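Q: Shown below is the structure under consideration.
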Amino acid sequence: MTTAAASTRQTGARPRKRLTDSLPDETLIGWLRDMTLIREFEVRTMQAYSNAKIGGFCHVYIGEEACAVGTLACVNPDDPVITAYRDHGHALARGMDPGACMAEMFGRITGCAKGKGGSMHMFDRPHWLFGGHGIVGAQTPLGAGLAFAAKYQREVLGQDQKKVALCYLGDGALNQGAFHEAMNLAGLFGLPVIYIVENNRYSMGTEIHRGTTMADDLPKKAAAYGVEGVTIDGMDVLEVYDRFKPIADACREEVRPAFVDLHTYRYHGHSMSDPQKYRAKEEVEEVKQRDSIDLLAAHLIEERKALTPDDRKAMQQEIKKIVRDAVRFAEESPEPPVEPELYSDVYLNPQPGLSPIREYTRGAKNPLL
Ligand SMILES: Cc1ncc(C[n+]2csc(CCOP(=O)(O)OP(=O)(O)O)c2C)c(N)n1
Ligand SMILES: [Mg+2]
C-alpha cells in the first residue's frame, strides 16, 4: 500500500456498543439496496456515456457509496442537502427517482432539472436536494446559507422545526477560498451545517498531500474556525452511521456546525476521460478489498444472518432491472422543446425582442462578447 493509501486507513476506534446494533435488519438491508442501486446506476451511466448518450462532464460515485447512504440515514428527509458535481449517489440516496436522474443526464425533459442541468446539477426540491454544483467549492457558502435560512426560520420567524444542513465537498475543495469563508461564517454565526468531506485522496490527478500540508489531519482546518471536526472510515457504512449520527443530532439540537472527514476512494477515473497515470493499479485493487458494499453484505449475511447469498443475488437482479428501466425511460423521453424551455429556469431571461441568446442562436453576432 502506498503512503497515501496507508495513511487513510486508521480512523479511530470503533465504539464497543454500536448504535447500528439497535437498528432493525430492514434498515440495513435498505442501505445495502441503496448502495447497490448507486453502483449499478453508475455502471450503466458509464456505459451510456461511452455510447454517447450522455454529454458534458460526468463523474461517477463508484467506491464512495457508503458516504452518502450512511450520512443521509442520520438526518430527516426535509433537512437540506447540497453537494458537488459527483452527485448521482446523493440524488439516489435522497430518494430521487432513478429514471429522472438518468433522464437528466440524457438531456431529456423528464430529468430532474428538465434535462438542462446534466450530470453535475442534480436538483430535487421535493427531496430537499439543492444540487449538484460544478464549480469546486461553490456549494460551501450555499451550504452555510441553507443552514442560515433554517436557523432564521426558527429563531426569527418562529417555525418549530430544528434542522441541520449537510454540505458535501471533495478533499480538493478544502483548498478553495469559498470553503474557508463559509467555515468562518458557520463558526461565527453558529450555523447548523455539517461540512462532509468525501476524502477520496485525489483532486482530479492531484494526490491530497500535493495540495495541502494538512492532508493527514483535515479536521485541524475546521479547528481554525472553532468548529469541531472528526475523521471517519467512509468505507464502512455502519461506522459512518455510528459516528455521524451523534454529530448530526448535536448540531441540530445545539444549533452549531461540524466538520467530518470521510475517508473513501473512487474506483474509476476522476471523470469519463482520465488515464489515471497518477496512481498505481495496485492501490486501486487494494482498496477494493474493503469494498463498502461487500462489507455491509458480509455483515448482514455472516454476522446478522439477516440475508442469504441468494437473497443478495435476487436483490442485485431486481436492481439491475430498475436501472435498465431507468435507461429505457431516459431514452424514450423527449428532449425539452426549444420554446419555452430555452429561456425558462435560466438566469438570463431577457425581454422578448432584446434577447442576446436568441440573436446568437440565430447566427447573429453575440452582443455579449
Ligand atoms: C473553481 C474550480 N476550479 C477548478 C475546477 C476543475 N476541477 C473540477 S473537479 C476538480 C477536482 C476537485 O477534487 P475534489 O474536491 O477532491 O473532488 P472529487 O472530484 O475528488 O470528488 C477540479 C480541479 C472547477 N470545476 N472549479
Ligand atoms: Mg477528491
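Q: List, please: which pairs have Cβ atoms under 8 Å, are six or more places apart or on different chains, and start with a residue in the stretch 233-253 that is farther than 12 Å from LEU166 by Cβ and of a type in the set (A, V, I, L, M, F, W, C) and end with one that is modelled with pLDDT under 95 and surrounded by 23 or more Cβ atoms within 10 Å (Cβ to Cβ)?
A: none
Q: Out of ARG252, ARG266, which single residue is crowded, with 17+ Cβ neighbours inside 10 Å and either more than 16 Å from ligand 1 (Cβ to nearest atom) or among the aliphatic types (A, V, I, L, M) (or both)?
A: Checking each option against the conditions leaves just ARG252.
Q: Here is a follow-up. Of ALA103, ALA84, ALA91, which residue is surrounded by 24 or more Cβ atoms within 10 Å (Cβ to Cβ) and more than 16 Å from the chain's Cα centre (by Cα)?
A: Of the residues listed, the single one that is surrounded by 24 or more Cβ atoms within 10 Å (Cβ to Cβ) and more than 16 Å from the chain's Cα centre (by Cα) is ALA103.
Q: I would also like to ask the following. Tell me which residues, restricted to the stretch 197-216, are buried (at least 18 other Cβ atoms within 10 Å of the Cβ) and not charged (D, E, K, R). Let's see the steps before the verdict.
A: Narrowing the stretch 197-216 to residues buried (at least 18 other Cβ atoms within 10 Å of the Cβ): 197-203, 208, 215.
If the condition is that a residue be buried (at least 18 other Cβ atoms within 10 Å of the Cβ) and not charged (D, E, K, R), then VAL197, ASN199, ASN200, TYR202, SER203, ILE208, ALA215 are the ones that fit.
Q: Looking only at the stretch 164-187, which residues are more than 16 Å from the chain's Cα centre (by Cα) and within 16 Å of ligand 1 (Cβ to nearest atom)?
A: Selection gives ASN175, GLN176, GLY177, ALA178, PHE179, HIS180, GLU181, ALA182, MET183.
Q: Consider CYS58 carefully, then state whether it is surrounded by fewer than 23 Cβ atoms within 10 Å (Cβ to Cβ), closer than 20 Å to VAL197 by Cβ and at pLDDT 95 or above. Walk me through it before giving the result.
A: On the way: surrounded by fewer than 23 Cβ atoms within 10 Å (Cβ to Cβ): yes; closer than 20 Å to VAL197 by Cβ: no; at pLDDT 95 or above: yes.
When the stated conditions are applied, CYS58 does not pass them.
Q: Could you look through the stretch 119-146, keep only residues that are out of contact with any Cys (no Cβ under 8 Å at 6 or more places or on another chain) and small (Gly, Ala, Ser), and pick out the one that is farthest from ligand 2 (Cβ to nearest atom)?
A: GLY145
Q: Out of the residues in the stretch 188-237 that are away from ligand 1 (no atom under 11 Å from the Cβ) and acidic (Asp, Glu), state the one that is farthest from VAL287 (Cα to Cα).
A: For the stretch 188-237, the residue satisfying everything is GLU228.
Q: So ASP274 clears everything in (1) crowded, with 23+ Cβ neighbours inside 10 Å; (2) of a type in the set (Asp, Glu); (3) in a loop (DSSP other than H, G, I, E, B) except one condition, right? Which one?
A: (1)
Q: Can you name the helices (runs of 4 or more DSSP H) wholly within the stretch 31-145 that have at least 3 residues being of a type in the set (D, E, K, R), over 25 Å from THR264 (Cα atoms) and within 13 Å of ligand 1 (Cβ to nearest atom)?
A: Qualifying helices (runs of 4 or more DSSP H): none found.
Q: Suppose the filter is within 16 Å of ligand 2 (Cβ to nearest atom) and buried (at least 21 other Cβ atoms within 10 Å of the Cβ); does GLY170 pass it?
A: Yes; evaluated as a whole, the condition is true for this residue.
The values are calculated or read from the model by the stated rules, or taken from the named source; none is laboratory data. These numbers come from a predicted model, not from an experiment. Cβ atoms come from the backbone with ideal geometry, glycine included; neighbour counts cover every protein chain shown.
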